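Heads up, the thing below is written out as structure tokens.
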């Protein structure tokens, strides 16, 4: 009976479809992270401002995105925006929007933290050897900030990949949804498919995320100040 | 001079870190009421020697005997042995989550099961003697380095140890605070405590020691009384070491 | 904004919120126990067990809760093990939470300087006494920020329970949207429900973190 179960993987194009679904997952995460890094750097610089209004708005934005479960945010965008503005957003687009908003908030906070933690004397030493403000920024500040950011950005990628599993719940055909479809289609032919499909998807996520986390850990160690 | 009883015997002590021999063949006796000061260049093994005495390091050869009892490489009841040996570290290591008083009370109360009021009285007496009674309810982070080190000494003393080990206790202190700690140690020496002190403070060593042990590269190179050692060292290595502390003027006469 | 609708369905949200909190609480407590055990195993580097916990931690941190739940709820029955939605939710949460808590506690343990342990031993305290009076109090206070983050993280993760037929907040919201098309009201109540649950917890933890900060450990 168990042999019958695992055979579902080799039927038709099932496994290929799973991999295609996995690719959609990874693609959404990568696009979102790229947007998050760009917008996050801008947001981070904005957040170092002393203006109380800016501080209040950015803080509220940060806290809201931090506290709300991602699924709630997905619902808000997917169902709420459709209702409010009449445009129908695809599940995939909703996911990219939500993840970018989430990622930008996190990256922004990291960038702000990194910028604020660079000791003042770094700016002062730069001035002491006669660099302009722009040069100080470009040669001294940015490289150090990047070192702190990259491992954390990579860590964000893994978290996004895991969170994309949620978009199956708003109908996007990514790896989990493909799995559900396969299980449904094989209901009569391979009744124990659920066990094997979900088991395989579990390991697919692991195979994708684990190397990335190892990379982040390695970089963090190698670049420790 | 009356013959004093031997408190601590170290016989042919050997200690390795992997393949490196850190202590080669150390033999040393410490008598009751004696102050032995160990000096030497960095890496000569003096701190390691203290840590071996206290069982914080395992030894690969030789024996350490306290009051006639072998204490080296013990697996059982080492904590009972450590109650008889007081140790003060360079990094003082007061417990940051406890007040000064509780730092001092922890050992006697939990380990020796003494009565709280009795230990508190003694702790306060000792704090008063080192001038820190007003800090009894403060936290370590509120004290300066010199104050913390004095508390560390009191903490060790409250356990009524038979011998006190001091591992470069002033090395991490700002110069102004070094004196207050050394003064406490001088007091202890005057009262007849048995002490083994590792230090870089040469004039202090000269003032407090009954015996100077000079170590280099894991061996005892020279052993004598302070006057002889500092004015007329016998070995070349000792002479070289002491020269480090003398500066010729660069401005010629 | 249909106020009547909101008033009518608030009790439903409250009930769902209570369910969410109840399961979250059990899951968090379970995670703490599993986490403590794993962190001590890894800190003391107990052979064999150390590898097993290491594997467990990597597996649980690199896979989404949703898949873990689907496997438990849809997959296991095919192998003859049938668990209720609630049991699946709790098991899944503990499986995920245990590894996060373990890392939080382990970083706390490792943050305590070994010289503190030596100082404790030098006073003649037994190993057990050193762990109890010197190591653990310091380790716990270092772990608080990570611990707090984990608690909030786990409560947020409970939002996937609707996928295994648990009548939690997301389930209620989705239902109301599907049945009555009162999307705005349903979503508003959803957001408010989570704010009510998580905002106070977040504030309390920030407060605790600030209280427990001492400058410098060991020295």
> Can you put A:29, C:115, A:189 in order, fewest other beta carbons within 10 Å first?
Replying inline: A:189, C:115, A:29
>> For the stretch A:1-133, report the % of Cα-Cα distances exceeding 20 Å.
In response: 64
>> Over the Cα atoms of the stretch C:88-185, what radius of gyration and what Dmax do you get, in Å?
In response: 21.4, 71
> Which parts of the stretch B:45-62 would a label at residue B:17 reach, counting a residue when its backbone N lies under 16 Å from a point 7 Å out along Cα-to-Cβ?
Replying inline: B:45-53, B:56-60
> Once every DSSP H run of n ≥ 4 in chain A is given -39500 (n - 2.57) and the sum is divided by its residues, what mean residue ellipticity at 222 nm do you get, rounded to the nearest 500 deg cm²/dmol?
Replying inline: -24500 deg cm²/dmol
>> Please report the equivalent ellipsoid semi-axes of the stretch B:163-253, computed as sqrt(5 x eigenvalue) of the Cα gyration tensor, largest first, in whole Å.
In response: 24, 19, 12
>> I'd like the FRET efficiency for residue C:10 and residue A:31, computed as 1/(1 + (r/R0)^6) with the beta carbon distance as r and R0 of 45 Å, rounded to 0.05.
In response: 0.70
> How long is the stretch A:22-96 along each principal axis, judged by its Cα atoms, biggest number first, in Å?
Replying inline: 41, 29, 21
>> Counting only Cα atoms, I'd like the Rg/Rh figure for chain A, Kirkwood definition for Rh.
In response: 1.10
> So what is the relative contact order for chain A, in percent, with contacts set as C-alpha pairs under 8 Å and at least six apart?
Replying inline: 33
> How high is the relative contact order of chain B, given as a whole-number percent (alpha carbon pairs under 8 Å, six or more residues apart)?
Replying inline: 26
> What fraction, in whole percent, of alpha-carbon pairs in the stretch B:1-78 exceed 15 Å separation?
Replying inline: 57
> Where the centre of each part is set by its Cα atoms, how far does the stretch B:65-95 sit from the stretch B:135-158, in angstrom?
Replying inline: 21
> Taking the stretch A:16-65 on its own, what percent of its Cα-Cα pair distances exceed 15 Å?
Replying inline: 62
> Any idea how far the Cα center of the stretch C:52-128 sits from the one of the stretch A:90-122, in Å?
Replying inline: 28
> What is the Å³ per residue value for the convex hull set by the Cα atoms of chain B?
Replying inline: 162
>> Rounding to the nearest 10 and keeping the result within 0 to 90°, find how far the Cα-based axis of helix B:175-190 lies from the longest principal axis of chain B.
In response: 80
>> Below 8 Å, C-alpha to C-alpha, sequence gap of six or more: please give me the relative contact order for chain C in percent.
In response: 29
> Is the stretch A:103-190 best put as rounded, prolate or oblate by its Cα gyration tensor, with a ≥ b ≥ c the root eigenvalues, rounded for a/c under 1.5, and otherwise prolate when a/b is larger than b/c, oblate when not?
Replying inline: prolate
> Taking the Cα centre of each part, how many Å lie between the stretch B:176-240 and the stretch A:23-42?
Replying inline: 65
>> Quick check on chain B: of the DSSP beta bridges with both residues there, what percent are antiparallel, nearest 5%?
In response: 55
> Helix C:3-43 versus the longest principal axis of chain C: what angle, 0 to 90°, nearest 10, using Cα atoms?
Replying inline: 20
>> What distance in nm separates the two pseudo spin-label positions at residue C:1 and residue A:125, each 7 Å out from Cα along the beta-carbon direction?
In response: 5.4
> Hey, what's the per residue convex hull volume over the C-alpha atoms of the stretch B:75-148, in cubic angstrom?
Replying inline: 109
> Highest mean first, what order results for A:200-213, B:130-143, A:61-74 on Cβ atoms within 10 Å?
Replying inline: A:61-74, A:200-213, B:130-143
> Under a plain spin-label model, where a point goes 7 Å from the Cα along Cα-to-Cβ, how far apart in nm are residue C:33 and residue C:195?
Replying inline: 3.7
>> Based on the alpha carbons, how large is the Rg to Rh ratio for the protein assembly as shown when Rh follows Kirkwood?
In response: 1.09
> For the stretch C:1-152, what is the per residue volume of the convex hull drawn over the alpha-carbon atoms, in cubic angstrom?
Replying inline: 159
> Let a ≥ b ≥ c be the square roots of the eigenvalues of the Cα gyration tensor of the stretch B:40-185; is it rounded (a/c under 1.5), or, if not, prolate (a/b larger than b/c) or oblate?
Replying inline: oblate
> Helix C:49-61 versus the longest principal axis of chain C: what angle, 0 to 90°, nearest 10, using Cα atoms?
Replying inline: 30
> Under the definition of partner shielding as Cβ atoms of other protein chains within 10 Å of a residue Cβ, what is the mean value for peptide C:53-64?
Replying inline: 5
> So what's the projected area for the stretch A:57-119, the Cα convex hull averaged over all directions, in nm²?
Replying inline: 4.7
> Which stretch or stretches of the stretch A:205-219 have amide N atoms under 12 Å from the point lying 7 Å from residue A:20's Cα along the Cα→Cβ direction?
Replying inline: none
> Using a Förster distance of 22 Å, how high is the FRET efficiency between residue C:140 and residue A:117, based on the Cβ-Cβ distance and rounded to 0.05?
Replying inline: 0.30
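The numbers here are math on the coordinates, done by the rules we state, and not lab data. Remember, predicted model here, so these are calculated numbers, not experimental data. All Cβ positions, glycine included, derive from the backbone under ideal geometry; neighbour counts span all protein chains shown.
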